[in-house]
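To keep things clear, I will list the structure first and then write my remarks on it.
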Amino acid sequence: MQQLRRKVYMAAGYNTIAMGTGRSEFNPKKPRPGIEHYIREAGQGTLRQIGGAPHVDEGAIGNFMASRFNKQGHLAGFIPMIDEGLQFKPCTRTEGACASGALALMAGIRSVLAETAEVVLTVGVEVQNTVKAIYGADILAGAGWYQKRKNGHAYFFPGQFSDRAGAYYAKYGQERARKGMGRWFRNAVENARLCPTAQEYENKVEDLEAFYHRMKLNGETFVDNLNVLDCSKVTDGASAIAILSEEGLQRCGIPKDQAVEVVGWAQAERNITQDPPDLTELTTIKKAVAQALESAGITINDLATIELHDCFSIAGVLSVEALGFASPGEGADFIAAGHTARDGKIPINTTGGLIGWGHPTGGTGVHQAVTIWEQLTGIAGAAQIEIPKDRPYGMTINMGGDDVTVVVIVYRRAG
Amino acid sequence: MTYDERLQNVSILGAAGKMGSGILLLTVVEMMDLSLKPENKGKPFALNAIDISQEALAGLKDYLGPQVLKIAEKKMVWLRKAYDDRPDLIENSEIIDQYVRDTLSIVRRVTRVEAAYDSHLIFEAVNENKDLKIKLFSQIDQNNPYKPWFFTNTSSVPIHLLDKGANLGGRVLGFHFYNPPAVQKLAELIVTDSTLPEAKAFALDYAKNLKKVVVPSNDFAGFIGNGHFMRDALYGIHEAERLSAEMPFCEALYMVNKVTQDYLVRPMGIFQLIDYVGIDVTQFIMKVMNPFLPDEDLHSDLLDKMMEMGVRGGQFADGSQKNGFLQYEKGKPVGIFDPEKKEYVTLVTISGKCDEKLGPVPSSAINWKTAVKLRNKDEKLAAFFHDLKNSDTLGAKLAVSYGRKSNEIGCKLVTSGVAFSEEDVNTVLLTGFFHAYGPINTFFE
């Protein structure tokens, strides 16, 4: 285990509603709140739990493409908007595509470790329903190399992961793979139904797997190897969490058992201008997971739950294999057997993940941390799973682009 | 001449009208898509949008631009491949913008019919005036060296009369779009004994590419759609006139309209439908059809009276509904016309007592919006109509009689040879009128 120079904690998480199709409040034809609304709601949600803005030393905000979705850059300037007490404090904006949120977490962790801050307010946000999905696809394609855009799919990232799914089908069998992917979708929605802020909270489909398999693949209208249920939806949302030192916990009056301790992490970057070395493997995630486990001094058998980046169901399958729960080609079987369900061997994405809870791209990394914090401290409400005493660890895996930017963090309950 | 070549130069007569602009939209998009085929790259495609109204033609761009944009957004997967040879177009938005510009550039807006002299295909969507159609067809045919085909959108004039009148030698057929053409899936195809088989084959390919459901109809005035609607409307008018012996006329109108919508589970009541089509258009089509129906009198004094009072229904240029038998606010009926006082009476002032006279609706009632989505629709409808048949209320009796009359009209279209089958009649009403069930059914036996 890597010895840290001081302990780092997270506490006081907050999620806005994951807004988009599926939520009864969502009406694309009516005016909706802007990005500042989400930042303010999430930030204030955390500030209320830590005794207010005076306790905060720094702010960090993760966001991917507000510059295009909202015609708004310079997001660090929105942190002082959350509360007058944050005015003139140092703030940073991070961007790493869909891993922007976890990069904000890493910025906060490093500040605490560097002893330049005791309390960092960390926010992740994205508001994407400002444009139709077909134009949103252009914006999100910025997570890939621009020189690949011309020959890419109309729905660029579904196209990238459709290629991965196609390679996986060819190598290991389509029927087998889709059985696991269908179960992944079912788990996502069933878990989301237990979380009031989830985009699929109100989903009422009775037989989710039958519903999934009824929807045939159609490359003429979408991508060749995925249907829309294999994909996370377009989401507006924000999450916030405080990153604290021991002193920070005391300053904010947070008992240790209401916090999680960051016990290990890894951050890895793959050359964006190169194709993935193997379409049937998430190589960067595999390396980052191994490094994070090593830094925490644990194995996957010590994990009670994981929040991983299932932007597409095939990413869920490949992540399960990258984690080492299943051998290459057997991830789908592992999922189909129910081992990743909330009552399975390793409960994954217990509030729905990106497919069930939602995927406000730049906010997802922070949302994952909030979910792990809730689960490990026992405040996840209806979504609460049992955290075994002999497996007290949680993990988040946040991915930007096609396995390009990856942040893996390992947590355990403090105190 | 191939399908693609036939569509390289097309003219639409009456292009700025309600139907013509819809046909224009569908056709120009089809032409644009053909022009993007590798074998057609560089070939000129031209669509002459011909209309007598310069002002209406000027407004076409406002209609076409947003509509083409919507269509483009829905076929982005194909568009990226179609513009694969344009390295300058990278994002979806850039390709969509280019597609819209390219499509609009095919359209030439003109007021002179001479523009059609170079076309291989002429769509006609002018007034339901046989003599006008014959005059235009003759003029174009005499000056066009390519022996063009004429597709008429007439909903009532027999095709063989146009063929004979303009001396076209079988180069004409009826291709009857439903309103609005861009939305409605139905098209009636009417050929005569002398229609060229290759013109019919082309029409079927064209319909298939436009994803239209084609129902063939015999060449008889009104064809299937208006053959049913005009008689159905006339029955509704007569029912209202009959009821008006015992109540104010506006209350009778309200009750028949309500029964035809709520009790017969239709998308709108019969008087709202007449307003939608236009009182003027309904009157005109009856006038066109009537001479061909020796044993019927397809004519309504009430429609004449409404026209005399200047109450015409139909839509404004922006698509919103004009007042007719009913008064509309934001597209929803709020009043009903009192022909005696020549003014609208608000619905709330009469709905209570009228609903009371109609009596309670059986609890098994379902509304049209729900019905069309139900998987067990027929079962639910059968249960509701069974309850209606066993009810003594005025509303139930009016509805059952109406349902039977609609069934009788539908059957007569088959027995008189207008429709080829009962299924065709039902398809027209289900697809073209969005009914929840076909008129030929066993619900009201």
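Here are the numbers for the structure shown:
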| read-out | value |
| --- | --- |
| Residue that is modelled with the lowest pLDDT [pool: residues in segment A:403-415 that are in a loop (DSSP other than H, G, I, E, B) and over 14 Å from the mean Cα position of the chain (by Cα)] | A:Gly415 |
| Segment B:374-411, residues that are of a type in the set (Phe, Trp, Tyr) and over 24 Å from B:Ile237 (Cα atoms) | B:Phe384 |
| Verdict on A:Glu190 being without any contact (Cβ under 8 Å) to a residue 12 or more places away in the chain and either open to solvent by 20 Å² or more (accessible area, probe 1.4 Å) or assigned by TED's automatic domain parsing to the domain that holds A:Leu308 (or both) | no |
| Selection from segment B:177-236 of residues that are outside any helix (DSSP H, G or I), within 24 Å of B:Gly314 (Cβ to Cβ) and among the aliphatic types (A, V, I, L, M) | B:Ala182, B:Val183, B:Leu186, B:Ala187, B:Ala221, B:Ile224 |
| Near pairs, Cβ below 6 angstrom, 6+ apart or cross-chain, from segment A:292-309 (touching a residue at least 60 places away in the same chain (Cβ under 8 Å)) to any residue that is in a helix (DSSP H, G or I) and not polar (S, T, N, Q) | A:Glu307/A:Ile372 |
| Test: residue in segment A:112-130 that is away from chain B (no Cβ under 14 Å), part of a helix (DSSP H, G or I) and surrounded by fewer than 21 Cβ atoms within 10 Å (Cβ to Cβ) | yes |
| Segment A:142-156 - residue that is aromatic (Phe, Trp, Tyr) and touching a residue at least 60 places away in the same chain (Cβ under 8 Å) and, of those, farthest from the other protein chains (Cβ to nearest Cβ) | A:Trp145 |
| Verdict on B:Lys357 being closer than 17 Å to B:Val256 by Cα, open to solvent by 70 Å² or more (accessible area, probe 1.4 Å) and either in contact (Cβ under 8 Å) with a residue 60 or more places away in the chain or not polar (S, T, N, Q) (or both) | yes |
| Pairs, first farther than 14 Å from B:Leu24 by Cα in segment B:36-58, second in a loop (DSSP other than H, G, I, E, B) and aromatic (Phe, Trp, Tyr), C-beta under 9 Å, six or more apart | B:Leu36/B:Tyr83 |
| Residues being surrounded by fewer than 23 Cβ atoms within 10 Å (Cβ to Cβ) and within 8 Å of A:Asn63 (Cα to Cα) - total across segment A:85-96 | 1 |
| Which listed residue, of B:Arg112, B:Arg101, B:Arg86, B:Arg6, is in contact with a strand residue (DSSP E or B) (Cβ under 8 Å, 6 or more places away or on another chain) and surrounded by fewer than 20 Cβ atoms within 10 Å (Cβ to Cβ) | B:Arg112 |
| Qualifying positions in segment B:124-155 - surrounded by 16 or more Cβ atoms within 10 Å (Cβ to Cβ), part of a loop (DSSP other than H, G, I, E, B) and in contact with a strand residue (DSSP E or B) (Cβ under 9 Å, 6 or more places away or on another chain) | B:Ala125, B:Val126, B:Asn144, B:Pro148, B:Asn153, B:Thr154, B:Ser155 |
| Condition check for B:Tyr206: closer than 21 Å to B:Leu413 by Cβ and either open to solvent by less than 50 Å² (accessible area, probe 1.4 Å) or out of contact with any helix residue (DSSP H, G or I) (no Cβ under 8 Å at 6 or more places or on another chain) (or both) | no |
| Among (1) farther than 30 Å from A:Glu374 by Cβ; (2) open to solvent by 10 Å² or more (accessible area, probe 1.4 Å) - the single one A:Arg164 does not satisfy | (2) |
| Any helices (runs of 4 or more DSSP H) falling wholly within segment B:244-322 and containing at least 1 residues that are of a type in the set (S, T, N, Q) and in contact with an Asp or Glu (Cβ under 8 Å, 6 or more places away or on another chain) | B:279-289 |
| Qualifying residue in segment B:44-55 (condition: away from chain A (no Cβ under 14 Å) and more than 30 Å from the chain's Cα centre (by Cα)) | yes |
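The values are calculated or read from the model by the stated rules, or taken from the named source; none is laboratory data. If you're wondering where the values come from, they're calculated on a predicted model, not measured in any experiment. Backbone-built Cβ (ideal geometry, glycine too); neighbour counts: all protein chains shown. Please note that ligands, DNA and RNA were not included when accessible areas were found on the heavy atoms of the full protein model with its side chains. Shrake-Rupley method; radii C 1.70, N 1.55, O 1.52, S 1.80 Å.
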